[in-house]
Amino acid sequence: MLIEETQDDADDWMTALLRSPIFQRLPPTNLQKILMTLEAVHFSKGEIIVGQGSIGDYYYLIKNGQCELTRRPSPIAKEIRLAQLATGDTFGEDSLLSDAPRNVTITALTDISLLRLNKQHFVSLIKEPSLTFVTYVEMQAAIKQGAIVLDVRTPDDYENHHLDGSINEPFFSLRMQLKTLNRDQPIIVVCGDGKTSEAAVFLLLRHKINAMILIGGMAGVNSGPDHHIAPANDLKVIADRPETIRQQHEVQQPVENFISIQDNQTRLLQSEIEALKMINQQLNDKCMKLEFDKQLAEKQARILHKQLEKLTQVLDKLKGE
């Protein structure tokens, strides 16, 4: 596919793409492959681009035009208008990330030109290098450093069982609540199995909110000390044998001390590794930013050069007259 350079201002689709926080996280080689793989499609005003409940197959970027996102909570409910998108905006990633049917309907408000990327290329070129995953242990460490846990399940699921200190914002309404989120603290997103979290984090990253995914969601969470209480029968047997308890305590105490020392050393190493990872990520981010700044500067230089040539031609004509 050929991408023609234009002399539009800084809001043209190519510049918007390069300035997107998601695309700034990608290696330059991925960007090149994306531009080579994008397929152009067109829709007329009033046409439905994707329908709620349909299978997710493409990720879309708006090259020119406008469209709106609507959602029907139930078959008999009134359709709710969620957002309006325009040139440079992207959509369609939710179902590609969650493997769930489309949760919104997107309709063309004007004649619209789109560029689309199929699911396979989206996963390999955009999803995998963009998203960050953390374990339950890493999440606990991040919380101590000020991270917020955001549960994107339904209110009913949240009320039934949730992590202490987490806040609930269902995924279907998250887009409308972005302005209420604290952008100064990292966010760890939790859902049922981790899939919806991927779509939620992708949305947050697009709006310059630092977010990560809890691996496996609530299904993979270690439920805590309440689930490690010994069975009642075992407690009864131990209670009948106090001498055995003393003997076991004398043997186990040095072992427990050794294990405690090992655990402390392990935690220290993990903390050092995490610190190095953060430094490495910061350096990578700086490199990516410099690379994109370079590309934008080169593009602006080409545009200015063309404009200078036109001005020179105009001046030459004026001199000739």
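In table form, for the structure just shown:
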quantity	calculated
Selected residue (only one of Gly46, Gly56 is within 26 Å of Ile209 (Cα to Cα), assigned to a loop (DSSP other than H, G, I, E, B) and out of contact with any Asp or Glu (no Cβ under 6 Å at 6 or more places or on another chain))	Gly56
Scope segment 170-187; condition within 22 Å of Glu68 (Cβ to Cβ) and either surrounded by 16 or more Cβ atoms within 10 Å (Cβ to Cβ) or touching a His at 6+ places or on another chain (Cβ under 6 Å) (or both); matching residues	Pro170, Phe171, Phe172, Leu174, Arg175, Leu178
Qualifying residue in segment 205-219 (condition: more than 16 Å from Leu131 (Cβ to Cβ) and out of contact with any Lys or Arg (no Cβ under 7 Å at 6 or more places or on another chain))	yes
Residue match in segment 9-18 (condition: in a loop (DSSP other than H, G, I, E, B), out of contact with any strand residue (DSSP E or B) (no Cβ under 7 Å at 6 or more places or on another chain) and modelled with pLDDT of 90 or more)	no
Members of segment 70-94 found to be touching a residue at least 60 places away in the same chain (Cβ under 8 Å) and either in a strand (DSSP E or B) or small (Gly, Ala, Ser) (or both), listed by number	Arg71, Leu82, Ala83, Gly88, Thr90
Filter pass, Ala211 being surrounded by 15 or more Cβ atoms within 10 Å (Cβ to Cβ) and either among the hydrophobic types (A, V, I, L, M, F, W, C) or at pLDDT below 80 (or both)	yes
Verdict on Thr135 being among the polar types (S, T, N, Q) and either in contact (Cβ under 8 Å) with a residue 60 or more places away in the chain or in contact with a helix residue (DSSP H, G or I) (Cβ under 6 Å, 6 or more places away or on another chain) (or both)	yes
Subset tally (residues that are within 17 Å of Arg175 (Cα to Cα) and aliphatic (A, V, I, L, M)) for segment 97-144	3
Checking Glu198 against (1) closer than 30 Å to Leu38 by Cα; (2) of a type in the set (Asp, Glu); (3) surrounded by fewer than 13 Cβ atoms within 10 Å (Cβ to Cβ), the condition it does not meet	(3)
In segment 23-43, residue surrounded by the most Cβ atoms within 10 Å (Cβ to Cβ) [restricted to those that are touching a strand residue (DSSP E or B) at 6+ places or on another chain (Cβ under 8 Å) and part of a helix (DSSP H, G or I)]	Ile34
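This table checks each residue for (1) among the acidic types (Asp, Glu); (2) surrounded by 18 or more Cβ atoms within 10 Å (Cβ to Cβ); (3) in contact with a Pro (Cβ under 6 Å, 6 or more places away or on another chain); (4) more than 25 Å from Lys63 (Cα to Cα).
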{"position": "Val104", "(1), (2), (3), (4)": "no, yes, no, no"}
{"position": "Val123", "(1), (2), (3), (4)": "no, no, no, no"}
{"position": "Thr154", "(1), (2), (3), (4)": "no, no, yes, yes"}
{"position": "Gly165", "(1), (2), (3), (4)": "no, no, no, yes"}
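The values are calculated or read from the model by the stated rules, or taken from the named source; none is laboratory data. Only a predicted model underlies this, so the values are computations on that prediction, with no experimental measurement involved. Every residue, glycine as well, gets a Cβ built from its backbone with ideal geometry; the counts of neighbours run over all protein chains shown.
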